[in-house]
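Only one structure is covered here, and it is reproduced in the block below.
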Amino acid sequence: GAQLKDIRVRKLRWLCRRGMKELDVLLEAFLEQHADALAAGRWPQFESLLSQDDDVLWRWVMQPDSCAEFHALLLVIMQSKPGSGYPSHGQ
């Protein structure tokens with residue numbers, strides 16, 4: 001029920017805490033904007049993405065085309081970025 005969804009979102013929020021502030025901000029913005037969809041069952045792919053090392057994840061964020069497995073998810077994450085101070089894909 002709702003309690004299980006809350007637990008899932010809390011776990012994902014914890015996994016969004018990275019060693020790079022840029023990734024923290026980007027992933028937390030995505031989580032906030034998509035928490036309902038993630039809690040409703042779209043979390044496995046996001047959780048799998050979060051299992052990657054920071055350097056790999058950052059490379060994929062900077063070049064989403066380099067990762068076929070998470071390409072669509074990375075594009076959505078990039079659209080969720082807060083403000084304009086963070087790089088958009090292709091730069």
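Things worth noting here:
- Gyration tensor verdict on segment 1-40 (Cα atoms; rounded if a/c is under 1.5, prolate if a/b is larger than b/c, oblate otherwise): oblate
- In the chain, a dipole from Cβ-located charges (positive for Lys and Arg, negative for Asp and Glu) runs towards its positive end, and of MET20, LEU73, ALA40 it is ALA40 whose Cα lies farthest in that direction.
- Mean separation of Cα contacts under 8 Å, 6 or more apart, over the residue count of the chain: relative contact order %: 31 percent
- The chain - charge dipole about Cα centre, Lys and Arg +1 at Cβ, Asp and Glu -1, debye rounded to 20: 280 debye
- Formal net charge of residues neighbouring ALA72 (Cβ-Cβ distance under 12 Å; K, R +1; D, E -1): -1
- Shape class for the chain, computed from the alpha carbon gyration tensor (a ≥ b ≥ c): prolate, with a/c not under 1.5 and a/b above b/c.
- Among the protein heavy atoms of the chain, carbon and sulfur supply 50% of the accessible surface, probe 1.4 Å, non-protein parts ignored.
- Neighbour net charge for TRP14 - beta-carbon separation under 12 angstrom, K R +1, D E -1: +3
- In the chain, helical runs assigned H by DSSP with n ≥ 4 each contribute -39500 (n - 2.57); averaged across all residues and rounded to the nearest 500, the mean residue ellipticity at 222 nm is -19000 deg cm²/dmol.
- With all protein chains kept in place, the per residue accessible area of the chain amounts to 61 square angstrom at a probe of 1.4 angstrom.
The values are calculated or read from the model by the stated rules, or taken from the named source; none is laboratory data. Here the structure is a predicted model, which means the values were calculated and not measured. Note that we place each Cβ from the backbone using ideal geometry, even for glycine, and neighbour counts take in every protein chain shown. The accessibility values were calculated without ligands, DNA or RNA, using every heavy atom of the protein model including side chains. Shrake-Rupley method; radii C 1.70, N 1.55, O 1.52, S 1.80 Å.
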